[in-house]
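To start, the structure under review is shown below, and the notes come after it.
Bear in mind these aren't lab numbers, they're just calculated from the coordinates by the rules spelled out. Predicted model only: the values in this text are computed from it and were never measured. Heads up, the Cβs are rebuilt from the backbone with ideal geometry, glycines too, and the neighbour counts pull from every protein chain shown.
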Amino acid sequence: MKDQINTYLAEIEIFTAKTKDELEQFRIKYSGKKGILNDLFAGFKNVAAEERREMGVLLNELKGRVQEKIDTLRESLEGEQTAAGPARDLTLPVNFTDSGSRHPLMIIRNRMIEIFSRVGFTVAEGPEIEDDWHNFSALNFAPEHPARDMQDTFFIEKDPDIVLRTHTSSVQVRVMEKTKPPIRMIFPGRVYRNEAISARAHCFFHQVEGLYVDKNVSFADLRQTMLYFAKEMFSADTRIRLRPSYFPFTEPSAEMDISCNLCGGKGCGFCKYTGWVEILGCGMVNPNVLKNCGIDPDVYSGFAFGMGVERITNLVFNVKDLRMFSENDVRFLQQFESAWQ
Ligand code: PHE
């Protein structure tokens, strides 16, 4: 038994564990219920009386060495793990970072650009902070026109007036001042109006403006271009309706309705049971505007149109509250990229 204990002591002396598992095996082997220590202590009663003292010391030493070994190895194994961080399973799948999604307004704006570019329209942009000339005067607004009123316009400076543009029609002027016809362009951008914020109105929104100036451009060209747009944007069976209206910068002017894309024109809550929904304003460029921009109205004519991107987006995606477009709630924003195309 003495030799046996000495062998164990030697074995313990050189033992080392690379993992907690190996250490646990060692612990079970020596200190487990059916381990070596219990075995030896159980055999102790058979030891001859004269050897008892020596054997007792040896056995206790063995027990102490086992515990010592377990303690030091456990300490060093845990130390290593804290230094290297928790054990990592390198076979687990990677946690991909969420990627963003396109904003619904931008999805629709891009779609509009794509539709008009197919029939030869290019894209231009203008500044959001405008002077009175480009936002109002050159567009044939009379000095007392109500749109200049504090109610609608955000003024940055007065006399001379600097404003946040109230529509993208200002870009028409900027382009016509610099470009000689033929001009066939669209102008997407953000516009600002001093309105109380609600589900149906916001102090800013987005527009896409269109301008076509050339020789012999007629109202028939306007109508056909608008019909093409409506069919491409909504569906091939979409119909359009032009109602007489007034804008200072177009003459004649019209508001355009499309047959309600939710009920197909039969009448529903969305179109207020009329079968039609208004989507844009348009008309033939007023000769005064051409003149203001240095284009001879006796040689050239043109049409212009302007529409709200939020409005069209609502029609396509059925978004009920305008404010959701600018609240940046990803649960809302993530729904659209995959829903389209
Ligand atoms: N600028 C007009 C608006 O904001 C829309 C429009 C543009 C109307 C071009 C006619 C022609 O309401």
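Here are some notes:
- Fully extending the segment from residue 201 to residue 14, taken as 0.36 nm per residue of separation minus the present Cα-Cα distance, adds 59.2 nm.
- Loop-located GluC sites (Glu not before Pro) in region 99-174, at most 15 other Cβ atoms within 10 Å (DSSP): 125, 128, 144
- With the convex hull of the Cα atoms taken as the outline of the chain, the averaged projected area works out to 31.4 nm².
- Computed E for residue 223/residue 190 - FRET, C-beta separation, R0 45 angstrom, nearest 0.05: 0.95
- Listing 176, 1, 185 from fewest to most neighbouring C-beta atoms within 10 Å gives 1, 185, 176.
- Counted by neighbouring Cβ atoms within 10 Å, the residues 21, 159 run from fewest to most as 159, 21.
- The value obtained for region 189-341, namely the Cα convex hull volume divided by the number of residues, is 137 Å³ per residue.
- Given charges at beta-carbon only (K, R positive; D, E negative), |dipole| of region 110-252 in Debye: 760
- Relative contact order, percent, the chain [alpha-carbon distance under 8 Å, six or more residues apart]: 15
- Full extension of the segment from residue 113 to residue 334, taken as 0.36 nm per residue of separation minus the current Cα-Cα distance, would add 77.4 nm.
- Over all other residues within a Cβ to Cβ distance under 13 Å of residue 51, the charged ones net out to +1, with Lys and Arg as +1 and Asp and Glu as -1.
- Of the residues 222, 203, 317, the one whose Cα sits farthest toward the positive end of the charge dipole of region 104-336, with +1 on the Cβ of Lys and Arg and -1 on the Cβ of Asp and Glu, is 317.
- Note on residue 45: aspartates and glutamates with a C-alpha under 20 Å away, same-chain residues under 8 apart excluded, are 3, 54, 61.
- Region 179-304, relative contact order in percent, only Cα pairs under 8 angstrom and at least six apart counted: 24
- Vicinal HN-Hα couplings computed from phi for region 182-196 (Karplus, 6.51 cos²θ - 1.76 cosθ + 1.60; Hz; Gly/Pro x): x, 10, 9, 9, 10, 10, x, x, 8, 10, 10, 9, 7, 10, 5
- For the chain, the longest site-free run once trypsin sites (Lys or Arg not before Pro) in DSSP loop states with at most 16 other Cβ atoms within 10 Å are removed: 35-87
- Neighbour-count order for 307, 324, fewest beta carbons within 10 angstrom listed first: 324, 307
- Proximal aspartates and glutamates relative to residue 33, as straight alpha-carbon distance under 17 Å, when same-chain residues fewer than 8 apart are discounted: 24
- Cysteines having no other Cys beta carbon under 4.7 Å from their own, within the chain: 203, 282, 293
- Positive end of the dipole of region 1-94 (Cβ unit charges, origin at the Cα centre): among 42, 67, 77, the Cα lying farthest that way belongs to 42.
- Rg and Dmax of region 137-210, based on Cα coordinates, read 13.7, 42 Å.
- Distance between the C-alpha centres of region 101-165 and region 229-256: 19 Å, rounded to the whole angstrom.
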